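Please read the structure below before turning to the comments.
What follows draws every value from the coordinates through simple rules; no lab data is involved. Treat the numbers as computed from the prediction; the structure is a model and nothing was measured. For neighbour counting, all protein chains shown are included, and Cβ atoms are generated from backbone atoms with ideal geometry for every residue, glycine included.
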Amino acid sequence: LMQMAARERFDGAVRAAGPGLADILWRVVCAGEGLVAAEKALGWPSRAGKLVLTLALDRVAGWYRVP
């Protein structure tokens, strides 16, 4: 039961990041991929990942009600 609740919170946080932001969030935070490697894998220009990851993390912080 606790594992299911944790999974629901995790899924909610990823959804809160949004469809365009969840990819970089997953690659860097969950899979431990480097930011440059994640940008290349997603076909993004360099330094775009930092901006997008920051937005995703802001949304996840809001989901968890972290100021």
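Run the simple label-point estimate for residue 63 and residue 7 please: 7 Å along Cα→C-beta, distance reported in nm.
1.6 nm
Counting only other residues whose beta carbon sits under 15 Å from that of residue 67, what net charge do I get with K and R as +1, D and E as -1?
Local net charge: +1.
Can you work out the base-10 log of I(q)/I(0) for the chain at q = 0.12, 0.18 1/Å, using the Debye formula on its C-alpha atoms alone?
-0.31, -0.65
With charges only on Cβ, +1 for K and R and -1 for D and E, what is the dipole size of the chain about its Cα centre, in debye, rounded to 20?
For the chain, the charge dipole is close to 100 debye.
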